[in-house]
Structure formats: structure tokens, C-alpha cells
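The values are calculated or read from the model by the stated rules, or taken from the named source; none is laboratory data. What you are looking at is a predicted structure, and each value in this text was computed from that prediction instead of being measured. Counting neighbours? That spans all protein chains shown, and the Cβs are built from the backbone with ideal geometry, glycine included. Accessible surface is based on the protein model in full, side chains and every heavy atom, while ligands, DNA and RNA are left aside. Shrake-Rupley method; radii C 1.70, N 1.55, O 1.52, S 1.80 Å.
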Amino acid sequence: MTSTPPARPVRPLVARSRDEAHRTATPLELFFDLCFVVAVAQAGAELVHAVAEGHAADGIGRYAMMFFAIWWAWMNFTWFASAYDNDDTLYRAVTFVQIAGVLVLAAGVSRAFRDQDFFVVWLGYVVMRIALASQWLRAAMASSGAERTMALRYAAGVMVCQVGWTALLLVPEHAVPWVFLVMVVAELSVPPFAERDFSSSWHAHHIAERYGLFTIIVLGETIAAATVGVKTGIEENDALGELLPIAAGGLLLIFAAWWIYFVVPAHQRLRTNRQAFLWGYGHYLILASAAAIGAGIEVAVEQAVGKAHVSETAAAAAVTLPSALFLLLVWGLHSRYFKVGTAQQLVLPCAALALLVCTFAGRWGVLAAGLVGAVTVAIGVTLTARTAGRGTQEA
């Protein structure tokens, strides 16, 4: 159950309290998140194709751009909703418009990835940005002083950036990455600029839950993509013996990723804008690496059945590299703040190093990585239990 009341007639869009009790994600937010599954799946599928064809460097660069576009669209809505979601009729209707923009964005991911044709992605952003700016203007109308200035800065910032993205449609292909990089910096600068004099009333527990839910969606898509890859390999190539170690290792890795991410109460670290911006922005790499694990498993499957033009080591690296990055980032962003003692602090960094070593296990690399993930969880649980036991004895 959520604490959000039934939709009511249009009313002023005033800020919600940061101290609001029992604040949870709403059904509308969950619906919004699910619509991103299509976009994440498209980006992952294109990454698989690029890596399997031996174009890993180019594929990773384009994947990074596409995933930023997907993630940033989700970010814009999520942080606004945490502060201003009043769930009235107009708010719901405008959110539906944003969802429509998400679906347009998803439809353009493959075209942008393969041909650097960003028109459909840009069009999806136009739909989302007009809706988002209208929400910020509603918030400005219901506020005054520094809060009103903040809301107007947000509205202006997102629309100015949207104009800037138009350059992607005009510049030659070789200039696209540089334009994209400039626009990423511009986009990331809008929230600190808008909130330099007044902080929006985002809710720490709600934000942590929203990020957790999106992480679950990404991991779920990873499982789905890997399952389809294994199923296809078995049906078309009768390669159960070759694929079973990959399937087992991949599943263990995803289970470990879920466990490691959710083992700490992340919301306890979100007390200031500085902490929140670092944590929130850092999740771009956490989520992108989580989604890339599934793509890597698919590459390993294709290599095992002879469809991928890469070596066994490269196929293993497609799984171990994003997995190691995921562990290091989860540790760096919030896990390390809840670890007690040197042993606990070293678990995830050492596990990341072990995952990299698994790259050189060839055809057994994914299974070895999965076992490393399982052992990492077991060690973490054991150390935590021992620490808790010593604390009980001392008390």
C-alpha cells in the first residue's frame, strides 16, 4: 500500500515535506518506471550486437550515450516527483504525456545507436521536456521567493538544454560525441544551478526506494535478456552443455548484484544536496553496468554457439568488466559508509579484482565470476553476523 491519496481535482502544486512519514513509490511512478524497460532492452540488444561483431569500443561509446539519454529522462521525473507529486488529475495527465515521450525515445534507440540518427530520440525528449517544464511552472505558480526562483530556473534550464540537443541533428557524425559530451555537462549542471539558493524538498527514503526499484527493473531486464539468449542457443544449436555454465554463472552474478546493492540502507546517506547529487549522478554508472551484465551474458552465449566473432576471453570480459565496475561503484557510493572494520571494507574491492581475474578463465569465465559473486555475498553475510555478535556481547 502507498500513502498517496486518490487523485483529486486540480489543486496548487505545492512541495511535499522531507519529513513526511511512510513515503513510498506510487502506482503511477511504478508504471512510469516499467515503460523504461523497452528503452533499456533496446540499448542492451544493440550493445550485444556491437560487441559480438567485434566492435566493442564503438559499441560501448554508443551504449554510454544511449543509456545516459534513458537514465536522465528517468532522473528528471523522479526527483521532481519526490518533491512535488500531489497526484491530482492534471499531474497524472502530464505524467502520461511524459510516458508517451519515453516510448517515443525507446522507439528511436536502435536508430540512434546504429546510424547516429537522433531525431526520434530528440522528439521523445521534446515531448517529455515540455511536460516537465509545465510541471515546474505549476510549482512556480504555487510558490514564492527562493522556491519560485528555483522552479523557474529548472523550467528554463530543461528547455534551454532541449534546444541545445538540437545540435545533434545538425552536426556531422564525427562531431556527435563531442556535442553529446557538452550537453551532458549542461544537463548535469541544471540541478546544482537551480538549487544553489533553495533546495527542493526531495524525500530521502523515497528517492532511495525509487533508485532501488529502477535497479530491480534493470536487473530484471538483464535476467530476461540472458534467458532469451540461452533459450535461443539451446533451441537453435542444441548447446545445453556449453550454455549451462554460462546460465548458472550469470544467474549467480545477478543474484549477488541484487544482494550487494540492497544490503545497506542507502537513504541514511542522503542528508544534503551535495551527498544526493553525488549519489544520484553516480547511479548512471551503476545502472549502466548492471544492464551491461545482461548484454555480456548474451555475448558469452553467442560466442559459445559460434555466432559471435570474438574470443572466449573477450566474451568473458563482456561479463566480468561490467560486474567488477558494478561492485566497485556500489561500494564507493554507499556500501563503504556502512562497513565496520578493514575486512568488511575490503570485501567488494577484492571481489571486483577477483572478477577481473575470471576474465582469463576462458569458456569457464562466466561460471567462475558467478561463483565469485556467491562467495562475496557469503563472506559479507558472515562478517556482518560476526560484527553484530560482538556488538551484542559488548552490550
Review point. Relative contact order (percent) for the chain, with alpha-carbon contacts under 8 angstrom and 6 or more residues of separation?
Key: 18
Check your understanding: Out of LEU169, LEU188, GLN116, whose Cα points farthest toward the positive end of the dipole of segment 72-217 (charges: +1 Lys, Arg; -1 Asp, Glu; placed on Cβ)?
Key -> LEU169
Review point. For segment 200-342, with the dipole built from +1 on Lys and Arg beta-carbon atoms and -1 on Asp and Glu ones, taken about the Cα centre, which of ILE286, GLY241, SER323 lies farthest toward the positive end?
Key: ILE286
Study note, to complete from the structure: Per the helix-only model, the chain has a calculated mean residue ellipticity at 222 nm (DSSP H runs of ≥4, -39500 (n - 2.57) each, divided over all residues, rounded to the nearest 500) of -27000 deg cm²/dmol
Check your understanding: Length gain on complete extension for the stretch PHE262 to THR149, per 0.36 nm per residue less the alpha carbon to alpha carbon distance?
Key -> 37.0 nm
Point to revise | Probe 1.4 Å, protein heavy atoms only - accessible area per residue of the chain in square angstrom | key: 44
Review point. Measuring from centroid to centroid over Cα atoms, what is the spacing of segment 156-229 and segment 333-349 in Å?
Key: 28
Practice item. Can you tell me the alpha carbon radius of gyration of segment 225-290 divided by the globular rule-of-thumb value 2.2 N^0.38 Å? Key: 1.64
Revision key, fill the gap. Taking protein heavy atoms only, a 1.4 Å probe, and rounding to whole percent, the accessible area of the chain owed to carbon and sulfur comes out at 69
Review point. Tally Lys and Arg at +1 and Asp and Glu at -1 over the other residues with C-beta under 14 Å from the C-beta of LEU287: what net charge comes out?
Key: -1
Check your understanding: Once you charge only the Cβ atoms, +1 for Lys and Arg and -1 for Asp and Glu, what is the size of the charge dipole of segment 58-181 about its Cα centre, to the nearest 20 debye?
Key -> 140
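Just want to confirm a number: the relative contact order over segment 31-95, from Cα pairs under 8 angstrom separated by 6+ residues, in percent. Write down the numbers at each step before the final one.
Numbers: 20 pairs, mean separation 19.8, N = 65.
Worked out over segment 31-95, it gives 30 percent.
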Exercise for review: Calculate, in whole percent, how much of the Cα-Cα pair population of segment 173-317 lies beyond 25 Å.
Suggested key: 47
Check your understanding: Against the longest principal axis of the chain, how steep is helix 36-52, in degrees 0 to 90 to the nearest 10, with axes from Cα atoms?
Key -> 40
Check your understanding: Of the labelled options (1) 18.6; (2) 28.6; (3) 20.7, which one gives mean projected area of the Cα convex hull in nm² as computed for this structure?
Key -> (3)
